[in-house]
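J.: Please see the structure below; I have some questions.
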Amino acid sequence: MNELNKGPLAGPCRVVVLISGSGSNLQALLDDAAGISSEYSIEAVISNKADAFGLTRARKAGVETQVLSHRDYGDRESFDQALIESIDAYQPDLVILAGFMRILTPGFVRHYSGRLLNIHPSLLPKYQGLHTHQRALDAGDSEHGVTVHFVTEELDGGPAIIQASVPVLADDTAETLAQRVQVQEHKIYPLAARWFAQGRLRMVGDRTELNGELLPRNGHRYHGAEDPVAE
Ligand code: GAR
C-alpha cells in the first residue's frame, strides 16, 4: 500500500480546498460533501485572493476560510511554506486545487505527494498551461475536455485520474466551450474526491490506480450517469 492513501480512512476524509476565483468547482465539491452519502468533509477553503467569490460560497456552506496573499511574501518558497502551515493546521487527508492559479514549488508538491489533486481544462497531455479552450479551437479539435490529475512537480503533468470530453461545435467561442467543459468539471471532480475518500484511488509512480488496477495513462474516461465505474 502506498503510504499516502492507506485505504479506507477511520473517519470522513478531511479535505482542504485551495481557490483563487469563482469557485464553481468548489461549489460542486461543497454540494457533494453535504450529501448524506458523502465520505469526505471540507474542513477549510484557502484563497490567495481576498476577493475570490469562492470564499463567499464557503462561508455560506459554513466552512472555515482563510486568505493568504502571495503578495505578502518575498518569494515562492516562503509563500508555499506559509501555505503548508495553514493547510496542515486542518490535518487534511486530501488537498484539492480548484482553480488555484499559482504555480507551486517542488517542496510544496512533494509535501502533499499522492494526496494533492488538480483540475485542468483540457484533455491532458494536450494543452498544459493557459488558454486551453482557445488553443483547442485554434487547432481545429473536434473534441475538448477536462482532466483531474494528481499533482507532481511537472506543471499539469501528474498522473491522470479521470477525463470528460465535450464535442467542439462549429460556432463555439472560447467562452461557450469553457461553459460546456465546466459542466463536466462539476461532475468529475466530486467523483474523484469520493474515490479518494473511499480509499479506491492512489498514485503509483507516474500512474493512477483505481480499485487496485492501473488506469490508462489518460485516466478513466467518464461516460456520464451510466458510467459503470462512476458509482
Ligand atoms: C476551472 O475551469 C479549472 O478547470 C481551471 O480554472 C477554473 C476555475 O473555475 N483551472 C485551471 O486552469 C488550472 N490550470 P472555478 O473557480 O469556477 O472552479
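J.: Under 7 Å between Cβ atoms, at least 6 apart or on separate chains: pull out the pairs that start in segment 100-125 with a residue that is on the phi > 0 side of the Ramachandran plot and end on any residue that is within 16 Å of the ligand (Cβ to nearest atom).
T.: Gly114/Phe150
J.: I've got another one for you. Scan segment 144-157 for residues that are within 18 Å of Gly107 (Cα to Cα) and open to solvent by less than 10 Å² (accessible area, probe 1.4 Å) and report the count. Lay out the reasoning, then the answer.
T.: Going residue by residue through segment 144-157, those that are within 18 Å of Gly107 (Cα to Cα) are 150-157.
Okay, now just the ones that are also open to solvent by less than 10 Å² (accessible area, probe 1.4 Å), so 150.
Adding up the residues that qualify gives 1.
J.: Of the residues in segment 51-64, how many are open to solvent by 30 Å² or more (accessible area, probe 1.4 Å) and within 18 Å of the chain's Cα centre (by Cα)?
T.: 2
J.: List the number of the failed condition for Ile103; all other conditions in (1) modelled with pLDDT of 95 or more; (2) under 16 Å from the mean Cα position of the chain (by Cα); (3) surrounded by fewer than 17 Cβ atoms within 10 Å (Cβ to Cβ) hold.
T.: The failed condition is (1).
J.: Can you tell me which residue in segment 17-64 is farthest from Glu85 (Cα to Cα), limited to those that are of a type in the set (Ser, Thr, Tyr) and in contact with a Phe, Trp or Tyr (Cβ under 7 Å, 6 or more places away or on another chain)?
T.: Only one residue tops the list, namely Ser22.
J.: I'd like to verify a number: residues in segment 168-185 that are touching a Leu at 6+ places or on another chain (Cβ under 7 Å) and crowded, with 18+ Cβ neighbours inside 10 Å, how many?
T.: So the count comes out to 3.
J.: Okay, moving on. Among the residues of segment 61-104, write down those that are assigned to a loop (DSSP other than H, G, I, E, B) and away from the ligand (no atom under 16 Å from the Cβ).
T.: Our first condition is that a residue be assigned to a loop (DSSP other than H, G, I, E, B); within segment 61-104, this holds for 61-63, 68-69, 73-75, 89-93, 98-104.
Gly62, Leu68, Ser69, Tyr73, Gly74, Asp75, Ala89, Tyr90, Gln91, Pro92, Asp93 - these are the residues of segment 61-104 that are assigned to a loop (DSSP other than H, G, I, E, B) and away from the ligand (no atom under 16 Å from the Cβ).
J.: To continue, here is another question. I need every pair where a residue in segment 197-223 that is within 26 Å of Glu43 (Cβ to Cβ) and assigned to a strand (DSSP E or B) has its Cβ under 9 Å from the Cβ of a residue that is open to solvent by 40 Å² or more (accessible area, probe 1.4 Å) and among the aliphatic types (A, V, I, L, M), sequence separation at least 6 or different chains.
T.: Correct list of pairs: Arg202/Met1; Arg202/Leu4; Met203/Leu4; Thr208/Leu214; Leu210/Val229.
J.: Do you know which of the residues in segment 38-50 that are more than 14 Å from the ligand (Cβ to nearest atom) and open to solvent by 70 Å² or more (accessible area, probe 1.4 Å) is farthest from the chain's Cα centre (by Cα)?
T.: So, considering only residues that are more than 14 Å from the ligand (Cβ to nearest atom) and open to solvent by 70 Å² or more (accessible area, probe 1.4 Å), the one farthest from the chain's Cα centre (by Cα) is Ala50.
J.: Follow-up question, since we're still on this one. Could you tell me whether any residue of segment 123-132 is part of a helix (DSSP H, G or I) and surrounded by fewer than 16 Cβ atoms within 10 Å (Cβ to Cβ)?
T.: no
J.: Taking Ser165, is it open to solvent by 30 Å² or more (accessible area, probe 1.4 Å), touching a residue at least 40 places away in the same chain (Cβ under 8 Å) and assigned to a loop (DSSP other than H, G, I, E, B)?
T.: Answer is no for this residue.
J.: Further question on the same structure: Looking at Ile36 and the list (1) outside any helix (DSSP H, G or I); (2) at pLDDT 95 or above, which single condition is not satisfied?
T.: (2)
The values are calculated or read from the model by the stated rules, or taken from the named source; none is laboratory data. What you see is a predicted model; the values in this text were computed from it and never measured. Cβ: placed from backbone, ideal geometry, glycine included. Neighbour counts: every protein chain shown. In case anyone asks, the SASA skips ligands and DNA or RNA and just uses the protein heavy atoms, side chains included. Shrake-Rupley method; radii C 1.70, N 1.55, O 1.52, S 1.80 Å.
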